[in-house]
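The values are calculated or read from the model by the stated rules, or taken from the named source; none is laboratory data. Source: prediction; values computed, not measured. Cβ: placed from backbone, ideal geometry, glycine included. Neighbour counts: every protein chain shown. Accessible surface is based on the protein model in full, side chains and every heavy atom, while ligands, DNA and RNA are left aside. Shrake-Rupley method; radii C 1.70, N 1.55, O 1.52, S 1.80 Å.
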Amino acid sequence: MLPDLVTEIPGPGSLELAEKLRRYESQNVTYTADDWPVFWDRASGTNVWDADGNRYLDVTSAFGVAGLGHTPESLTEVIHSQSEKLIHGMGDVHPTELKVDVCQLLSEMTFERWGLGVGKSVLSNSGSDAVESALKTAFIATGKPGVICFTNGYHGLGYGALLGGGFKKFRQPFEPQLAEVRVSLSFPKTEEEVIELKADLAALDSSSIGALLVEPIQGRGGKVIPPHGFLAVLQDWCSAHDVILIFDEIYSGFNRTGKLFACEWEGVYPDLICLGKALSGGYPISACVGKAEVMDKWPVSSGEALHTSTFLGNPLGCAMAVKALNIHKDESVAADVLRQGDELKAMLSDLESPLIHEVRGRGLMIGIELRHLDGSPAGDVVGEILSKMLSQGVIMLADGPAGNILSFTPPFYMKLGELVFVVETLRRLLDELKLSLTERSL
């Protein structure tokens, strides 16, 4: 075990806070059990300390946000300096220069970099907000309300974002309040499935479809990488049918997959791209960035924007975003992610267990799919592993509709020794499970 890692989980501080949280927070929000959660107190780099002083290794980057590490000095200096000048502004009435800088950087890093001209942005606060901005833009541009989406796609939980959501468990409770504008297609995993998708698209009546919403690589859906050519098929179909192509890169953007954006692996670029999470490295800010000719379908503001929010272009978030974007522009960041991702994936691929169905991913966006011996998703086993890894000082998450994908999205600069510790801890747990499976079969 690495020195000074956990001693007692959850400790008395976390247990007391969990009890208090159950009293005051909606019971649907935070999962609590005897061994879950721990309450974060501070973090630095790849390490997190809880309310009891226990130290953990974080292989989640806190939902993919802290790719540059937790509380890096470059970002804490920026937010400290900005907080002494201006904490809140009037982003859509009297904005700051920082908002201008963020929009310019986003244009330069996306559509200008791709040779497609200027990109224009709608800034917002969350990934779900960015997706809703994109769906509204597509409707404004085409006048067609329909949305094509994909199985196991995750785009946030706001009502607008749920229009393109592919997780049944999130949509079903609110189905009566959702407009019936969705066309759901299967997210392909093989070249044969891409051929089937082409046939499905050809059979669609596109007269009412204005948007196609897709993750170039699925994140919460299970770290699924589609076959090469998938994005090109979508682009060709959208171009032929006056449909706005929207890439949700909220999770996969900003070097997470070893390229600045995941769509660059195929060299296919959207009409609109949704960005968030790592955009600022920790402050709630997101963006829908689009081709100028698409974004300019919105009417010129007459003094009352059709789509805005109170905290749009918040100066703290914009200051952090400017700094984070300038770091992400450095091509060495992507190179480092690729190198670390190759090291981690090689170690994970070396694990042996009858439960491991597949190790997949790109860059530092990797998943291990676990299945029972009968082929059914082993979400129960993954849940057990998450709790045991936590007790050993490792913070992890699960992906996939059945929760049977162990997710690895660590900060970009986790030390090799830390990665080895995580993998070897997981190896011991899998060996214990293998022994348990063998005993059950006797």
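Taking every DSSP beta bridge that has both residues in the chain, what percent is antiparallel when rounded to the nearest 5? Don't skip to the end; give the middle numbers.
Values: 35 of 51 bridges.
That works out to approximately 70 percent antiparallel.
At an R0 of 60 angstrom, the distance between the Cβ atoms of Lys297 and Phe39 translates into a FRET efficiency of 0.85.
Working from Cα pairs under 8 Å separated by at least six residues, relative contact order for the chain is 21 percent.
Model label points for Leu116 and Ile195, set 7 angstrom from Cα along the Cα-to-Cβ axis, are 2.9 nm apart.
Of the trypsin sites (Lys or Arg not before Pro) in the range 397-428, the ones in a loop by DSSP (not H, G, I, E or B) with at most 14 other beta carbons within 10 Å are Lys415.
The listed residues Met396, Met90 rank as Met90, Met396 when sorted by accessible area, largest first, using a 1.4 Å probe.
How much of the accessible area of the range 244-393, in percent, comes from carbon and sulfur atoms when a 1.4 Å probe is used?
50 percent
For Ser44, Ser74, give the ranking by accessible area with the largest first, probe 1.4 Å.
Greatest to least solvent exposure: Ser44, Ser74.
Short-range pairs are left out: with C-alpha atoms under 8 Å and at least six residues apart, the relative contact order of the range 138-178 is 30 percent. How many angstrom lie between the Cα centre of the range 244-302 and the Cα centre of the range 19-63? Each part's Cα centre sits 30 Å from the other's. For the chain, excluding the exposed loop sites themselves (GluC sites (Glu not before Pro), DSSP loop, at most 11 other Cβ atoms within 10 Å), the longest remaining stretch covers 181-303. Of all lysines in the structure, the ones whose alpha carbon falls short of 27 Å from that of Lys136, not counting any fewer than 8 places away in one chain, are Lys99, Lys120, Lys144, Lys168, Lys169, Lys198, Lys277, Lys291, Lys297. Computed over the range 171-258, the Cα gyration tensor eigenvalues convert (square root of 5λ each) into semi-axes of 21, 19, 13 Å, ordered from largest to smallest. Solvent exposure of the range 349-389 amounts to 41 Å² per residue of accessible area, where only protein heavy atoms count and the probe is 1.4 Å. Site pair Leu178 and Lys85 shows an inter-label distance of 4.3 nm when each label is modelled 7 Å from Cα along Cα→Cβ. In this rough spin-label picture, where each label sits 7 Å from Cα along the Cβ direction, the Lys169-Ser239 distance is 3.9 nm. In the range 91-240, the portion of solvent-accessible area held by carbon and sulfur atoms comes to 53 percent [1.4 Å probe, whole percent, DNA, RNA and ligands not counted]. What the range 58-203 shows is 50 Å² of accessible area per residue, with the surface traced by a 1.4 Å probe over protein heavy atoms.
Under the membrane-span-like helix rule (DSSP H runs whose alpha carbons stretch at least 20 Å along the helix axis, mean Kyte-Doolittle hydropathy -0.5 or higher), the chain yields 127-142, 331-349, 416-441.
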